[in-house]
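Report on the following structure.
Every number in this text was worked out from the coordinates using simple rules, so none of it is lab data. Given the structure is predicted, the values throughout are model-derived calculations rather than measurements. Note that each Cβ is placed from the backbone with ideal geometry, even for glycine, and that neighbours are counted across all protein chains shown.
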Amino acid sequence: MPPTGGALVVSNHSGALPPDAPMIMQAIRNEHPDPRPVYMLGENWFKGYPVVGMLANKLGLVAAHPANAQRLLHDEGRLALVFPEGQKGTRKVFWQRYRLRRFGRGGFVKTALRAGVPIIPVAVVGAEEAMPIFAHVPALQRVTGLIYFPINHAFPWAGVAAAAMYLPAKFKIRFLEPVSLDEYGPEDADDLTLVQSIAEHIRGQIQGEVDRLVAGRKSVWFG
């Protein structure tokens, strides 16, 4: 589980209306020996979705600005949660489930290096079945102005109510050993080769654990 100081929690990401963030937050609040709040760093791409944007803010979404990250992680010693797959993770259709997308340009590694905090990889299984995507409709995406227009069991048929219409699925959340960056300094955030190397290492760790969790479960509903 996360240590008591500041740390950057990094997880795989999925689902039309991703349920992984609140599940990780609840796990830390309810199961950590020293319960503490978790702040999610990300772009508020939910703002085009009625109601969902408000819920995201209430969950603890903080704009992924370097100043915000430095304040939370370094100055205040908080836990911050990021999903390096970003929108690419939430766009995955069902047949692509549990295949992690690229971790961008390693921005989360730069954030951790500059703040001087460890990275805690997290593997989540269950979100892909709880809120699956079966197809996208590009034409409706352009008309509505949304970042994507997914088709699943509830959206768009149920409208905004889809935000609460998750399918039953057993979640498994595995917190891996923290990745210490103590041997590096804030100036190493400008070393793109190092940043990409660390990012790929962490992505590999998460993918490997996701694969093990999926292979080891006997049922989507009972784990």
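Exposure proxy for Met25, Met131: other Cβ atoms within 10 Å of each Cβ, ordered fewest to most, give Met25, Met131. Residues whose amide H lies under 5 Å from that of Gly15, counting only those 5 or more places away or on a different chain, are Lys92; hydrogens are built 1.01 Å from N in the peptide plane. Distant-in-sequence amide contacts of Phe103, defined by a placed amide H-H separation under 5 Å and a gap of 5 or more residues or a different chain, comprise nothing.
Using the Cβ-Cβ distance between Phe134 and Ser197 with R0 set to 45 Å, the FRET efficiency from 1/(1 + (r/R0)^6) comes to roughly 0.80. Remark on Ile120: its backbone amide H falls under 5 Å from those of Leu8, Val9, Val10, Val179, a criterion applied only to residues 5 or more positions apart or on other chains, H modelled at 1.01 Å from N. Karplus-based coupling profile of the range 26-36, in residue order and whole Hz: 5, 4, 5, 5, 9, 10, 6, x, 10, x, 8, with θ = phi - 60° in 6.51 cos²θ - 1.76 cosθ + 1.60 and x standing for Gly or Pro. In plain terms, the chain from Trp95 to His32 could stretch by 19.3 nm, reckoned as 0.36 nm per residue minus the Cα-Cα distance. Partners of Lys110 within straight-line reach, counting aspartates and glutamates whose Cα lies under 12 Å from its Cα and excluding those fewer than 8 residues away in the same chain: Glu187, Asp188, Asp190, Asp191.
Rounded to whole numbers, the Karplus 3J(HN,Hα) couplings from phi for the range 105-116 are 9, x, x, 5, 5, 4, 4, 5, 5, 5, 8, x Hz, using 6.51 cos²θ - 1.76 cosθ + 1.60 with θ = phi - 60°, and x at Gly and Pro. Karplus-based coupling profile of the range 86-101, in residue order and whole Hz: x, 4, 4, x, 6, 8, 4, 7, 4, 6, 9, 4, 6, 10, 5, 7, with θ = phi - 60° in 6.51 cos²θ - 1.76 cosθ + 1.60 and x standing for Gly or Pro.
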